[in-house]
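Read the figures in this text as sums done on the coordinates, not as results from a lab. Here the structure is a predicted model, which is why all the values come from computation and not from measurement. For neighbour counting, all protein chains shown are included, and Cβ atoms are generated from backbone atoms with ideal geometry for every residue, glycine included.
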Amino acid sequence: MAISDDFKEQLKAGRIVDALTLALGEAVELEITTWVSSSKNSETNTQAETAKPTPDSRMRTRLNIVDGAIDNEVGSRFIGNGPYTELREFHMEQVQQGRQIIQHNLENLQQLFTVLTHTLTHLPSASRRLADGNSVLPPSAPDNKQ
């Protein structure tokens, strides 16, 4: 199940704290990959083979805000006189946008935690069921999707 699906399931079950914990856990890392696919032999390659970039044809950056780590991988075709050197600037622009996305996501999560904390402090103590492991909100009605 995808993380977004897990998040939605936690919300539907009324487990807001678990949903927010899941969201925060996913908000700490971003991976940006720029790669050039090869069109030659596309008739003989399966979709899975063409969907995977070879290490020499990709640039990848991982940003982890918890560890403060930035890992870069640059394929040989992107350096020196390689055929894809003009894509380095594009990749770096994407990395910069990724940093902005992380910052925006963290600001949104901070606002969400503030609203949640404010809401929880104003609930009557009889309606707080966190102590016994239950959620504050009742489960939502099941989806009527078929």
Completion exercise
Share of Cα-Cα pairs in the range 50-104 beyond 15 Å, whole percent, is 54
Practice task
Tell me the label-point distance for the pair residue 96, residue 122, using the 7 Å Cα-to-Cβ offset, in nm and rounded to one decimal.
Solution key: 4.1
Problem - Label point distance in nm, residue 8-residue 65, each placed 7 Å from Cα along Cα→Cβ - result: 2.4
Problem - 3J(HN,Hα) from dihedral phi, the range 87-94, Karplus parametrisation 6.51/-1.76/1.60, rounded to Hz, x for glycine, proline - result: 7, 4, 5, 4, 4, 5, 5, 5
Handout entry: Ordering of 13-24, 108-119, 74-85 by packing [mean C-beta count within 10 Å, highest first]
Key = 13-24, 74-85, 108-119
